[in-house]
Ligand SMILES: O=C(O)c1cccc(O)c1O
Ligand SMILES: [Fe+2]
């Protein structure tokens, strides 16, 4: 039975310098700090209590969490994954509290990426109070490294409910709702989170952040530009430990009845229709 993912929910990032990482998440990225223990700092970007966290550890060991419908769905997902040979861990009470969820399971996908499926994601009664006026409207998608995009696309689309919206060369953009994509699989000889996308309100916000990032000497690795695939106007920049962050606006919605996946060539114009060239090695070679 298909694992029905509702949404991408959170990323949990590890860093060797917690101070610098949390400073970046609030002062540059602009998220709202919400929880702070000695070892772990949480942030929010939408109605949910927590959508991103930093803790001390090996930066390669990041986690991405997805929302499932309910506990039955979670149990079925655990059974499906175990039948496929994955080792599935149930979240402890403490781990659930850290994530602001009622329950979750964690496993490594075939390429070794740490994935979590969670239910009962806590929502905050207070609207988000962003640390800076970046115009963020929410957490929207993740790029995941994949050392075998065909295998991983099969997992997300056959074992789970994702659909292919577009492919750029071997790089599939996968949707789990009407939004053009929530997961991008980036071919690379490694695993884990490659980039984290937040939507912003307008092209003005993209341009304002471009100026701010330059002033703050944050490496801009792509854009400002416009993706011909999703239609979004974007800018990508590099955060702590080499993690790439993207702001974008205007991601197309897909009509499930009439949409047909498209194949783009693996070339710069497929990533940006304005002529910007990515300084991200996985998007160039
Ligand atoms: O928005 C997109 O279409 C897109 C395409 C390639 C790579 C990305 O990160 C994207 O967000
Ligand atoms: Fe993206």
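Read-outs: derived from the displayed coordinates by stated rules, not from any lab. Because the structure is predicted, anything quoted here is derived from the model rather than measured. Note that each Cβ is placed from the backbone with ideal geometry, even for glycine, and that neighbours are counted across all protein chains shown.
When DSSP assigns beta bridges and you keep just the ones with both residues in the chain, what percent turn out antiparallel, to the nearest 5? Walk me through the numbers on the way to the answer.
Working: 49 of 73 bridges.
Taking every DSSP beta bridge with both residues in the chain, the antiparallel ones total about 65 percent.
Say R0 is 25 Å: what FRET efficiency, to the nearest 0.05, do residue 163 and residue 124 get from their beta-carbon distance? Mind dumping the intermediate values first?
Working: r = 30 Å, r/R0 = 1.22.
FRET efficiency, residue 163 to residue 124: 0.25.
Tell me whether region 107-263 comes out rounded, prolate or oblate; compute the Cα gyration tensor, take square roots of the eigenvalues as a ≥ b ≥ c, and use a/c under 1.5 as the rounded threshold.
On the way: a/c = 1.43, a/b = 1.42, b/c = 1.01.
Rounded.
Just subtract the alpha-carbon distance of residue 215 and residue 277 from 0.36 nm times their residue separation and send over the number in nm, one decimal. Write down the numbers at each step before the final one.
Numbers: separation 62, 0.36 × 62 = 22.32 nm, distance 2.08 nm.
Going from the current span to full extension adds 20.2 nm.
Relative contact order of region 5-119: what whole-number percent is it, with Cα pairs under 8 angstrom and at least 6 residues apart?
Working: 210 pairs, mean separation 30.7, N = 115.
Dividing the mean separation by the residue count of region 5-119 yields 27 percent.
How big is the gap, in Å, between the Cα center of region 56-96 and the Cα center of region 185-261?
27
Kirkwood hydrodynamic radius of the chain from all distinct Cα pairs, in Å?
Values: mean 1/r = 0.0526 Å⁻¹.
One over the average 1/r among Cα pairs gives 19.0 Å for the chain.
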